[in-house]
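Step one of this worksheet: look at the structure below.
The values are calculated or read from the model by the stated rules, or taken from the named source; none is laboratory data. What you are looking at is a predicted structure, and each value in this text was computed from that prediction instead of being measured. Heads up, the Cβs are rebuilt from the backbone with ideal geometry, glycines too, and the neighbour counts pull from every protein chain shown.
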Amino acid sequence: MPDIQDCATYKFCPQCGGRLEKRLIKPGEPQRLVCTACGFIFYLDPKLSVIAVIPMEKGVVMVRRAINPGYGLWVVPGGFVDMGEVVEDAVVRETQEETCLTVRPIRLLNIYSYPDHRTIIAAYVTEYVSGELGAGDETMEARVFGLKEIPWPQIAFSSTKEALREYISRFGQ
């Protein structure tokens, strides 16, 4: 099991301000950050992100990122789920923010996770509801790519590639 990632960025306990150190709490699990003063265990849990595969005009909607990571590269719309937000609502919100489109999640396509990444990605197949395709504040460009025109070498994230490949293999023509 991989060691804690990003643990160097956390030095103090959020409960009492004591110093954190790495400790093995339970055999078979990764080391955890533990407060040397109060014993609080600071779990570094994964973040949940969503992505939307939006079929449109015999292709799929993709956006070119205007932020890092992946600045200037292509992805399907998506982003992090906020605390207390329903996952499907996050798909709708992130799609609206990045493409100016309103969509409706139809089905979960798959969930992607990677050994050395904190983010778990839930990919949804969606249905276009309304709006005119355009770039949002975190995107340079939004457009529809035919399934044979997808810019594979310019895709930012493995999860986008995997979701598109899975979508094409299941639903593509």
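The criterion of at least 2 residues that are out of contact with any Lys or Arg (no Cβ under 9 Å at 6 or more places or on another chain) and in the same structural domain as A163 (by TED's automatic domain parsing) is met by the following strands (runs of 3 or more DSSP E) wholly inside the stretch 40-131: 47-53, 59-65, 102-112, 119-130.
Residues checked against (1) surrounded by 11 or more Cβ atoms within 10 Å (Cβ to Cβ); (2) farther than 19 Å from M140 by Cα; (3) within 21 Å of the chain's Cα centre (by Cα):
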{"position": "Q31", "(1), (2), (3)": "yes, yes, no"}
{"position": "G39", "(1), (2), (3)": "yes, yes, no"}
{"position": "M62", "(1), (2), (3)": "yes, no, yes"}
{"position": "V87", "(1), (2), (3)": "yes, yes, yes"}
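Scanning the stretch 21-46 for residues that are under 27 Å from I121 (Cα atoms) and of a type in the set (G, A, S) yields one hit, G28.
Does the stretch 134-163 hold any residues that are among the aliphatic types (A, V, I, L, M), surrounded by fewer than 17 Cβ atoms within 10 Å (Cβ to Cβ), within 19 Å of the chain's Cα centre (by Cα) and in a loop (DSSP other than H, G, I, E, B), and which are they?
First pass over the stretch 134-163, keeping only residues among the aliphatic types (A, V, I, L, M): 135, 140, 142, 144, 147, 150, 155-156, 163.
Restricting the remaining residues to those that are surrounded by fewer than 17 Cβ atoms within 10 Å (Cβ to Cβ) gives 135, 140, 144, 147.
Those still in the list that are within 19 Å of the chain's Cα centre (by Cα) too: 135, 140.
Within the stretch 134-163, A135 is the sole residue that qualifies.
Among the candidates G70, G131, G78, the residue that is within 25 Å of G172 (Cβ to Cβ), surrounded by fewer than 17 Cβ atoms within 10 Å (Cβ to Cβ) and in contact with a Ser or Thr (Cβ under 8 Å, 6 or more places away or on another chain) is uniquely G131.
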